[in-house]
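The values are calculated or read from the model by the stated rules, or taken from the named source; none is laboratory data. This is a predicted model, so every value here is computed, not measured. Because the Cβ atoms are built from the backbone with ideal geometry, glycine has one as well, and the counts that use them run over all protein chains shown. All accessible areas refer to the heavy atoms of the entire protein, side chains included, with ligands and DNA or RNA removed. Shrake-Rupley method; radii C 1.70, N 1.55, O 1.52, S 1.80 Å.
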Amino acid sequence: YRPSSTDHRSQILQSPVQHVLRLFHAVHSSRELQKLHSDQCAKCKGQRKDLIPYTLDGQHLFLVPNSVCPCSIPHPRSSAGRPRRWVAAMGKQKKGKTKAFAAVKRMISPKDARIKKPELNPNLAAKLAKKKEQEAAVRNVAQTPSSLFFSHNMSLGPPYHVLIDTNFINFSIQNKLDIMKSLMDCLYAKVIPCITDAVMAELEKLGPKYRVALRLAKDPRFERLPSMRQGNEYADDDLVERVTAHRIYIVATCDRDLKRRLRKIPGVPIISIKERKYQVERMPEGQFG
């Protein structure tokens with residue numbers, strides 16, 4: 001269908017194909033066609049002069065701009081100054097939802113409560129529960145001693161208190177070193193050797209082969225210290241626990257594992273035997289002399 005060329009107002013219409021599509025979308029029944037045979041509005045009974053008459057299949061109809069009811073039609077030009085579009089109106093249009101362009105199906109959220117989570121392996125459930133308990137447990141952070149200036153221990157000073165380990169006494173005897181004299185030559189100050197009950201218990205368990213070391217440990221010049229825990233007979237744990245609690249000691253040992261543990265504690269010097277003489281490790285240079 002093409003509008004009549006004699007009608008000068010037909011030039012306002014868009015392309016003929018678009019006009020016919022708009023027309024058939026608007027037309028629903030022959031009864032609606034009959035309602036618009038007249039240019040009179042059904043609501044206000046008024047007439048509009050801007051209606052455009054045209055003929056379709058022998059029926060005389062009108063083009064109504066923007067709305068079915070002529071009384072609700074705005075001015076040909078809106079406030080923005082844009083031209084008005086002309087729509088073929090056949091009765092009351094149905095306001096249906098327009099289908100969105102390139103619409104995507106809605107997906108359910110992975111956090112939705114309706115989604116059933118897979119059941120955990122009973123073996124893994126116990127491990128996860130144990131891990132949560134460990135994370136929730138309160139962590140005890142050791143308090144830094146006030147005598148430490150970074151890793152420098154200001155509480156160390158003559159006379160030095162030296163904690164002696166079991167193997168340190170044995171290696172001193174093998175290298176023919178006098179403990180008291182060699183310690184004073186190493187530190188250039190007065191030294192008080194200290195023997196813990198755990199070290200004495202280890203020397204007694206070694207038997208008669210180490211009777212000389214046991215006799216040397218019972219020297220009255222050596223100070224005896226009780227164990228940090230009652231019944232603790234393992235000397236390494238006792239020394240580490242004592243040094244951690246009180247940073248006023250120097251530890252004399254030749255045990256690699258014990259030295260590795262002591263190096264993790266700041267402000268604790270270590271004395272060991274090297275080239276048949278005592279050598280101090282991690283001792284501030286300002287402490288000598």
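Residue by residue, here is whether (1) without any contact (Cβ under 8 Å) to a residue 60 or more places away in the chain; (2) within 17 Å of P220 (Cα to Cα) holds:
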site	(1), (2)
S151	no, no
P158	yes, no
L163	no, yes
N167	no, no
L187	no, no
I195	yes, yes
V199	yes, yes
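Against the test of being within 30 Å of I265 (Cα to Cα) and of a type in the set (S, T, Y), the options S109, S151 yield a single qualifying residue, S151. L177 satisfies every condition listed in (1) part of a helix (DSSP H, G or I); (2) open to solvent by less than 50 Å² (accessible area, probe 1.4 Å) except (1). The listed residues are Q143, Q134, and the only one of them that is of a type in the set (S, T, N, Q), open to solvent by 100 Å² or more (accessible area, probe 1.4 Å) and within 30 Å of I248 (Cβ to Cβ) turns out to be Q143. One residue stands out among those in region 223-236 that are assigned to a loop (DSSP other than H, G, I, E, B) and surrounded by 18 or more Cβ atoms within 10 Å (Cβ to Cβ): the one that is farthest from the chain's Cα centre (by Cα), which is S227.
A quick yes/no check of all residues on (1) of a type in the set (V, I, T); (2) under 13 Å from L156 (Cβ atoms); (3) open to solvent by 40 Å² or more (accessible area, probe 1.4 Å):
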site: V243; (1), (2), (3): yes, yes, no
site: R247; (1), (2), (3): no, yes, no
site: C254; (1), (2), (3): no, no, no
site: R260; (1), (2), (3): no, no, yes
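Within region 150-192, the set of residues being in contact with an Asp or Glu (Cβ under 7 Å, 6 or more places away or on another chain) and not β-branched (V, I, T) comprises D165, N167.
Looking at V251, is it more than 40 Å from the chain's Cα centre (by Cα), part of a strand (DSSP E or B) and among the β-branched types (V, I, T)? Yes.
Here is a yes/no grid of residues against (1) out of contact with any helix residue (DSSP H, G or I) (no Cβ under 7 Å at 6 or more places or on another chain); (2) charged (D, E, K, R); (3) open to solvent by less than 20 Å² (accessible area, probe 1.4 Å):
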| residue | (1), (2), (3) |
| --- | --- |
| L156 | no, no, yes |
| F171 | yes, no, no |
| I192 | yes, no, no |
| E202 | no, yes, no |
| L216 | no, no, no |
| P220 | yes, no, no |
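Which condition number in (1) out of contact with any helix residue (DSSP H, G or I) (no Cβ under 9 Å at 6 or more places or on another chain); (2) open to solvent by less than 100 Å² (accessible area, probe 1.4 Å); (3) of a type outside the set (G, A, S); (4) free of Cβ contacts under 8 Å to residues at least 24 places away in the same chain is the one that K127 fails? Condition (2) is where K127 drops out. Criterion first (under 18 Å from L187 (Cα atoms), among the small types (G, A, S) and in contact (Cβ under 8 Å) with a residue 60 or more places away in the chain) does A252 satisfy it? For A252, the condition - under 18 Å from L187 (Cα atoms), among the small types (G, A, S) and in contact (Cβ under 8 Å) with a residue 60 or more places away in the chain - is met. With the requirement that a residue be open to solvent by 50 Å² or more (accessible area, probe 1.4 Å) and part of a strand (DSSP E or B), what does region 262-276 give you? Selection gives K274 alone.
In the condition set (1) open to solvent by 40 Å² or more (accessible area, probe 1.4 Å); (2) farther than 26 Å from M154 by Cβ; (3) part of a helix (DSSP H, G or I), D185 is compliant with all but (2).
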